[in-house]
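Participant: Sharing a structure below in structure tokens format, with a few things to ask.
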Amino acid sequence: MAAQKLPARAEVWSKMAAYEKRRAAAAPVPAGGSGLPEPGRAAPGGGGPTEGSAAEGSAAEFLLRAGVTAMVREALLKVLEARPAEPVSFLAEYFERLVLAEAAAEPPGPPQRLARALWYVCLAHHSHRTAFDSNAGAAYEVLGCGGRRRAAGVDGRLYSELLRRICQRGAAPAEAAAELLRRVRCRDHEAVPFDVFRYGVLTCCVLLEFAAKADALFAVLGAGDSADSRLCQAVLRALEDALGAGHGPRPGRYLEAGSRLGPDRLALAMDQALQERKLGSSMSREEFLRKATALFIAKVKPVE
Amino acid sequence: MLSPERLSLPGPEYLAQRHVLTYMEDAVSQLLENREDVSQYGIARFFTEYFNSVQQGTHILFREFSFVQATPHNRASFLRTFWRCFRTVGKNGDLLTAQEYHCLLQLLCPDFPMELTQKAARIVLMDDAMDCLMSFSDFLFAFQIQFYYSEFLESVAAIYQDLLAGKNPNTVIVPTSSSGQHRQRQPPNDCNPLEGVEASLFYQCLESLCDRSKYSCPPSALVKEMLSSVQRMTFYGFLMALAKDQGINRALGALPDKGDLFLDPAMDQEIEKLVAHVSGLSVSGPASSSADTANMPARNSPRINSPWKPLHHRRKMDAESEGSNEETDSSEN
């Protein structure tokens, strides 16, 4: 479906094609010079490979007929979209999902659909926006296709459940997740349109990353599970300033927020905080995370 | 957590860097070799198992050498498997010759080249008395360096030669492994009263080698530490230091620390059980079942199954027949 989007992919395919040619060297079957042919095209009487029937053992033909080519292409596409750090385990999991999906012949119940949708959503990082959007689309479809008679669509209950599960995957404090869900939720029997669905899912993913970054920030500020409260306050103030920064057009706002959070500004703020000769109490990791994520949640536009 | 470099690489580069296509191609060719079985079994399931076994590192068992050495992960998996399969040799305190270690390697990889085993043995023996006996751990850690950093070591040998010959190292063009072949491995050991080359200069060359190399290199901070503590360094002295460095071993991640090499309560228990079982029947019968059932081929079972039985009768035999080569030795198994 998205095979034409990235020119880079063409090279992968030509490599695959070259590979198939190599495998098929014994039987001269042209294994699709321009991209990979669809599995159906391998049927006798198709465009090119008429000699294929003569060499019944032709590897390329077998690969096409058995659907291996299509499966491998789909898998590599997913790898390219998601760019996982550990592609081997990613692929192991990917194919395992396929096995499970193949095994479940009848329309899967809500738990399976939820699990599959969750898997789709988490395949690609949200900063890979195209991949993320296409996966969100797939998740939306999977979630909505369970009806006995027709496509049932995604209702508010399934949607909230999915969001809840996404939030469970990360380190975001429970209050933050609950508050976020309150802001983006739909009523249980309401049909959820795709743009709301995507917005909700994306926001949850961003919250998780925000929480992870805040956690990393805290690790820098303190030792173990507590940090100087003055430092934490200063950093939180800077964060709040940055998030609330500017009212101009977007790119400008991003730049301004970025500059406010630059190391020099932060260092200055922290330095000033330490100069105040107040009694240095400490702040716990939980408290810091709660305050930081609250800043983020406050910026989330509620779904009306 | 998130590596932006990974996300911004062009697709093919990302795939190459992570060896995705190596494994995908291998999976497809394995699938083709077993196509009858696979058709019934399910293709997705085949891929699942293939990638699971790659993940677990069992995919290199009994595979051809070209595949075993194809990726860093494969090399690490092979090292790990070798250690797991044959650690009883070390636990027993048996000493083996290079030839015998080579036979063990060939049990896991039939076309494993003798040259690599010999190079590893040279590290242990400092390029001297090649028919000496070596302990398992000495051989294992030297072999690890030689096998995992093969290409790096080729280049190091060439650099070392150039430094010995007094060439300006900064103009040295680091040879690829093929062009380095003809002039490596003749470091004159005692023609110079000041043995070896100057360590700091050597390090500079190695650092720039690591920067440019597309092959795995040991962490340069550790190499620096190693070379900054001495004035001069010989080639084999350097390799020996690499092999003995536990930091490098940890960074490589295939083997445990030297002290933990033979700690394996589960395996011990298993072997105790097995020995009890076997001694009830007949000792060291070749038909006895294997201990490390997951990893071991049936045919090497006599060798590891009787861990308490010293192997010196074999060694004597090998030592007596001076010209014993790998064919005769492997035919014994």
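The values are calculated or read from the model by the stated rules, or taken from the named source; none is laboratory data. Values in this document were obtained by computation on a predicted structure and should not be read as measured data. We place every Cβ from the backbone using ideal geometry, glycine too, and count neighbours over all the protein chains shown. We work out accessible area using only protein heavy atoms, side chains counted, and drop any ligands, DNA or RNA first. Shrake-Rupley method; radii C 1.70, N 1.55, O 1.52, S 1.80 Å.
Participant: Within the accessible area of the range B:4-56, what % is carbon and sulfur when the probe is 1.4 Å and the other protein chains stay in place?
Facilitator: Carbon-and-sulfur percentage of accessible area, whole number: 45.
Participant: Given a Förster distance of 25 Å, report the FRET efficiency between A:LYS213 and A:ARG182 from their Cβ-Cβ distance, rounded to the nearest 0.05.
Facilitator: FRET efficiency, A:LYS213 to A:ARG182: 0.65.
Participant: Need the full-extension length gain, B:SER220 to B:GLN40, defined as separation in residues times 0.36 nm minus the C-alpha distance. One decimal, nm.
Facilitator: Contour length minus the Cα-Cα distance gives 59.8 nm.
Participant: Ignoring ligands, DNA and RNA, please state the percent of accessible area on the range A:209-299 from carbon and sulfur, probe 1.4 Å.
Facilitator: 56
Participant: Follow-up question, since we're still on this one. Which residues does the label zone of B:ALA129 cover in the range B:71-93, counting backbone N under 15 Å from a point 7 Å along Cα→Cβ?
Facilitator: None, by backbone N distance to the label point.
Participant: Hey, another quick one. Quick one: if the Förster radius is 51 Å, what FRET efficiency do B:GLU195 and A:SER89 give, using the C-beta to C-beta distance and rounding to 0.05? Write out the running numbers ahead of the final one.
Facilitator: Numbers: r = 47 Å, r/R0 = 0.93.
Approximately 0.60, to the nearest 0.05.
Participant: Continuing with the same structure: Search the structure for amide H atoms under 5 Å from the amide H of B:HIS19, placed 1.01 Å from N in the peptide plane, and list their residues when 5 or more places away or on another chain.
Facilitator: When sequence neighbours closer than 5 places are left aside, there are no close amide H contacts.
Participant: To continue, here is another question. What is the extension gain from A:LYS301 to A:ALA171, computed as 0.36 nm multiplied by their sequence separation minus the C-alpha to C-alpha distance, in nm to one decimal?
Facilitator: On the way: separation 130, 0.36 × 130 = 46.80 nm, distance 2.18 nm.
Gain on extension, A:LYS301 to A:ALA171, equals 44.6 nm.
Participant: Using the Cα gyration tensor of the range B:1-106, with a ≥ b ≥ c the square roots of its eigenvalues, what is the shape: rounded (a/c below 1.5), prolate (a/b larger than b/c) or oblate (neither)?
Facilitator: Oblate, since a/c reaches 1.5 and b/c is not below a/b.
Participant: Taking the highest mean first, how do the peptides B:141-147, A:261-267 order by number of other beta carbon atoms within 10 angstrom per residue? Write down the numbers at each step before the final one.
Facilitator: Working: B:141-147: 24.3, A:261-267: 12.1.
Highest-to-lowest ranking by the protection proxy: B:141-147, A:261-267.
Participant: Which percent of Cα-Cα pairs in the range B:106-164 sits in each 10 Å bin, short to long?
Facilitator: 21, 50, 25, 3
Participant: Less than 15 Å from a label point 7 Å out along the Cα-to-Cβ axis of A:GLU286: which backbone N atoms in the range A:205-246 qualify, by residue?
Facilitator: Once the point is set 7 Å along Cα→Cβ of A:GLU286, A:225-227 turn out to lie under 15 Å by backbone N, inside the range A:205-246.
Participant: Show me you know the interface measure: the accessible area buried between B and A, both chains summed, probe 1.4 Å, in Å² to the nearest 100.
Facilitator: 3200
Participant: Would you mind giving the mean number of other chain beta-carbons within 10 Å of the Cβ of each residue in A:72-85, as a whole number? Spell out each step's value before the answer.
Facilitator: Values: counts 7, 0, 0, 6, 5, 1, 0, 7, 6, 1, 1, 10, 4, 5.
Mean shielding by partner chains, rounded to a whole number: 4.
Participant: Let me ask something else about it. I'd like the residues of the range B:47-76 whose 1.4 Å-probe accessible area shrinks by no less than 30 Å² going from the isolated chain to the full set of protein chains.
Facilitator: Residues losing area: B:PHE47, B:THR48, B:PHE51, B:GLN55.
Participant: Let me ask something else about it. Return the distance in nm (one decimal) between the two label points of a simple spin-label model at B:LEU7 and B:PHE67, each offset 7 Å from Cα along Cα→Cβ.
Facilitator: So the label points at B:LEU7 and B:PHE67 sit 3.5 nm apart.
Participant: If I model a spin label as a point 7 Å beyond the Cα along the Cα-Cβ vector, how far apart are those points for A:GLU141 and A:SER259 in nm?
Facilitator: For the pair A:GLU141/A:SER259, the computed spacing is 4.5 nm.
Participant: Quantify how strongly other chains surround peptide A:91-101 by giving the mean number of their Cβ atoms within 10 Å of each of its Cβ atoms.
Facilitator: Mean shielding by partner chains, rounded to a whole number: 6.
Participant: Just the C-alpha atoms of the range A:164-204: what Rg/Rh do they give, with Rh taken as the Kirkwood radius?
Facilitator: Checking Rg against Rh, the ratio lands at 0.97.
Participant: Can you give the FRET efficiency to the nearest 0.05 for A:GLU190 and A:ARG129, using r as the Cβ-Cβ distance and R₀ = 25 Å?
Facilitator: Efficiency for this residue pair is about 0.40.
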